[in-house]
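Below you'll find the structure, written out as structure tokens, and then a few comments.
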Amino acid sequence: MKSATIRKNTSRGLWIGLSIVLKSVLSVSQSVTQQFISMLSESSNEGKSMPFIQFVLNDIR
């Protein structure tokens with residue numbers, strides 16, 4: 001019985017750590033993606049990169 005409780009607490013701790021890591025990764029990737037999009041739109045005024053930008057934006061939402 002004791003080992004089951006320890007396993008339960010460990011998995012809960014892992015989930016909490018995972019959610020914190022995921023949140024920080026998401027916020028970082030969002031700012032990076034915004035910088036990347038502005039860089040792309042500055043570097044090329046052609047319509048070639050637009051579908052990719054739309055894809056990235058849809059991926060964020």
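Read-outs: derived from the displayed coordinates by stated rules, not from any lab. These figures come from a predicted structure and were not determined experimentally. Positions of Cβ are generated from backbone atoms using ideal geometry, with glycine treated the same way; all protein chains shown enter the neighbour counts.
Report the gain in length on full extension from residue 21 to residue 2: 0.36 nm times residue separation, minus Cα-Cα distance, nm rounded to one decimal. Each step should come with its number before you reach the end.
Numbers: separation 19, 0.36 × 19 = 6.84 nm, distance 2.87 nm.
Length gained, residue 21 through residue 2: 4.0 nm.
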Pair residue 12, residue 34: separation of 7 Å Cα→Cβ label points (nm): 3.6
